[in-house]
Amino acid sequence: MMRKPIIAGNWKMFKTFEEAIQFVDAVQDKLPTNDKVDAVVCAPALYLPTLVQVASESELAIGAQTMHFENEGAFTGEISPAQLASVDVDYVILGHSERREYYNETDEAINKKVAAALAHNIVPIICCGETLEEREAGTTEQKVAGQIKAALAGFDAQQVEHMVIAYEPIWAIGTGKTATADDANQVCGAIRAVIEELYNAETANAVRIQYGGSVKPDNIQELLTKEHIDGAFSGWSKLTARILLNIIGGGQQMPKKPVALIILDGFAFRDETFGNAVAQANKPNFDRYWSQYPHATLTAAEKLLDYLTAKWGI
Ligand SMILES: O=C[C@H](O)COP(=O)(O)O
């Protein structure tokens, strides 16, 4: 399944109101007008209604950086999912490592927030990632699997396939140290395997998994060539409209996901099973590729055979 890349910029607590408007205006003005990539800017809550208006004529989506799970209540300083929905916010970041670390956001709260986002048709971008100590101890996949299982508890496959997951190794956030594309791909693949284990292969193949952590225009393309990485999450303090546009450009020009040309000499494709060893054979890998991925057959010999038959009667 081809997943549409999703590139998101997270401003964190940077930019004045004026800078925010100029940024979104510049991005939406030059945003590619094709459907090859989804682009999102996650801004401070204060700016959201204005930015939604500024971006309203373009495909640029506006997201929030966090929210409460309750629709309303005595929670001074918080923003509710109902409030975000009332100003047409499309996405919300949930469980960013900075929220987990500085604001004690727990797996349980994140799970409630995911439910609240879905209830208001806001797409949750669910963050997970390991510390340097956890990576060095070899427990990265265990850590992210635990975070993802907790965040997804109680949702069905149909709900999960529209969510976005952001794998962000904490040691790579804002440090200039990027996970290698292969390491990031391995963890994103492990996250996909968790979703397959919880649901099914179709759901796992539908969910988009971003990588975040010192993503720059010069590393985005390599990251996006990897099988399990479907986008990027960029949050560094000097993120400008031009840099985000370059990252988005990298996303849309990414080499396509791997395409396999499989030459199966003597492997006849016929629906009839009688006398058809290929149809009757137990070939789970081939059958899985055939049922799960877009495919086409290519007939390469027909004209030659016609020619030989006409000329030589064979
Ligand atoms: O939300 C985005 C991430 O925290 C990545 O931040 P960064 O691009 O500064 O490493």
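The values are calculated or read from the model by the stated rules, or taken from the named source; none is laboratory data. Given the structure is predicted, the values throughout are model-derived calculations rather than measurements. Cβ: placed from backbone, ideal geometry, glycine included. Neighbour counts: every protein chain shown. Each accessible area value is taken on the protein alone, full model and side chains, heavy atoms only, with ligands, DNA and RNA left out. Shrake-Rupley method; radii C 1.70, N 1.55, O 1.52, S 1.80 Å.
Whether a residue is under 22 Å from ALA150 (Cβ atoms), free of Cβ contacts under 8 Å to residues at least 60 places away in the same chain and basic (Lys, Arg) was assessed, and ARG192 passes this test.
In the range 91-108, is there at least one residue being modelled with pLDDT of 95 or more, within 16 Å of the ligand (Cβ to nearest atom), of a type in the set (Phe, Trp, Tyr) and within 17 Å of TYR211 (Cβ to Cβ)?
Filtering the range 91-108 down to residues modelled with pLDDT of 95 or more leaves 91-108.
Checking which are within 16 Å of the ligand (Cβ to nearest atom) leaves us with 91-103, 105.
This time we only want the ones that are of a type in the set (Phe, Trp, Tyr), so: 91, 102-103.
Add one more test, that the residue is within 17 Å of TYR211 (Cβ to Cβ), and what stays is 91.
Checked against the condition, which is being modelled with pLDDT of 95 or more, within 16 Å of the ligand (Cβ to nearest atom), of a type in the set (Phe, Trp, Tyr) and within 17 Å of TYR211 (Cβ to Cβ), the range 91-108 yields at least one hit.
When you scan the range 48-64, do you find a residue that is open to solvent by less than 30 Å² (accessible area, probe 1.4 Å) and either over 25 Å from ARG208 (Cβ atoms) or touching a Gly at 6+ places or on another chain (Cβ under 9 Å) (or both), even just one? Yes, the conditions are met somewhere in the range 48-64. Scan the range 64-84 and tell me whether some residue there is hydrophobic (A, V, I, L, M, F, W, C), in contact with a Lys or Arg (Cβ under 7 Å, 6 or more places away or on another chain), modelled with pLDDT of 95 or more and closer than 28 Å to ILE247 by Cβ. Within the range 64-84 (the criterion being hydrophobic (A, V, I, L, M, F, W, C), in contact with a Lys or Arg (Cβ under 7 Å, 6 or more places away or on another chain), modelled with pLDDT of 95 or more and closer than 28 Å to ILE247 by Cβ), the answer is yes, since at least one residue qualifies.
Quick one: would you say LEU84 is within 16 Å of the ligand (Cβ to nearest atom), within 23 Å of the chain's Cα centre (by Cα) and assigned by TED's automatic domain parsing to the domain that holds LYS238? No; evaluated as a whole, the condition is false for this residue.
Restricting the first member to the range 220-243 and to residues that are assigned to a helix (DSSP H, G or I), and the second to residues that are more than 13 Å from the ligand (Cβ to nearest atom) and at pLDDT 90 or above, the beta-carbon pairs closer than 6 Å and six or more apart or on different chains are GLU222/ALA181; LEU223/ALA181; LEU223/ILE229; ALA241/PHE23; ALA241/ALA26; ALA241/VAL27. So the check is Cβ under 7 Å with 6+ separation or different chains; which pairs have a first residue in the range 42-66 that's under 13 Å from LEU31 (Cβ atoms) and a second one that's among the hydroxyl-bearing types (Ser, Thr, Tyr)? Qualifying pairs under 7 Å: ALA61/TYR91. For VAL123, indicate whether it is more than 19 Å from GLY212 (Cβ to Cβ) and surrounded by 15 or more Cβ atoms within 10 Å (Cβ to Cβ). No; evaluated as a whole, the condition is false for this residue.
Test GLY77 against the criterion of being assigned by TED's automatic domain parsing to the domain that holds ARG192, open to solvent by 40 Å² or more (accessible area, probe 1.4 Å) and within 18 Å of ALA43 (Cα to Cα), and give yes or no. When the stated conditions are applied, GLY77 passes them.
Only a single item in (1) over 19 Å from the mean Cα position of the chain (by Cα); (2) surrounded by 15 or more Cβ atoms within 10 Å (Cβ to Cβ); (3) among the aromatic types (Phe, Trp, Tyr) is not met by PHE155, and it is number (1). Of all residues in the range 188-198, those being within 16 Å of the ligand (Cβ to nearest atom) and either surrounded by fewer than 17 Cβ atoms within 10 Å (Cβ to Cβ) or not in a helix (DSSP H, G or I) (or both) number 0.
Could you say which residue among VAL87, VAL114 is of a type outside the set (Gly, Ala, Ser), surrounded by 19 or more Cβ atoms within 10 Å (Cβ to Cβ) and in contact (Cβ under 8 Å) with a residue 12 or more places away in the chain?
Details: VAL87 fails: surrounded by 19 or more Cβ atoms within 10 Å (Cβ to Cβ).
When all the criteria are applied, what remains is VAL114.
Among the residues of the range 266-274, none qualifies, meaning not one is among the aromatic types (Phe, Trp, Tyr), part of a helix (DSSP H, G or I) and either farther than 29 Å from MET163 by Cβ or at pLDDT 80 or above (or both). Within the range 24-41, is there a residue that is more than 16 Å from the ligand (Cβ to nearest atom), free of Cβ contacts under 8 Å to residues at least 12 places away in the same chain, open to solvent by 20 Å² or more (accessible area, probe 1.4 Å) and farther than 26 Å from VAL207 by Cβ? Checked against the condition, which is being more than 16 Å from the ligand (Cβ to nearest atom), free of Cβ contacts under 8 Å to residues at least 12 places away in the same chain, open to solvent by 20 Å² or more (accessible area, probe 1.4 Å) and farther than 26 Å from VAL207 by Cβ, the range 24-41 yields no hits at all.
With GLY77, GLY129 as the choices, which residue is within 16 Å of the ligand (Cβ to nearest atom), farther than 20 Å from ASP38 by Cα and not charged (D, E, K, R)? Break it down stepwise before answering.
Working: GLY77 fails: within 16 Å of the ligand (Cβ to nearest atom).
Selected residue: GLY129, the only one of GLY77, GLY129 that is within 16 Å of the ligand (Cβ to nearest atom), farther than 20 Å from ASP38 by Cα and not charged (D, E, K, R).
Residues considered: ILE148, ILE209, ILE173. Of these, the only one that is among the β-branched types (Val, Ile, Thr), under 21 Å from ALA109 (Cβ atoms) and open to solvent by less than 20 Å² (accessible area, probe 1.4 Å) is ILE148.
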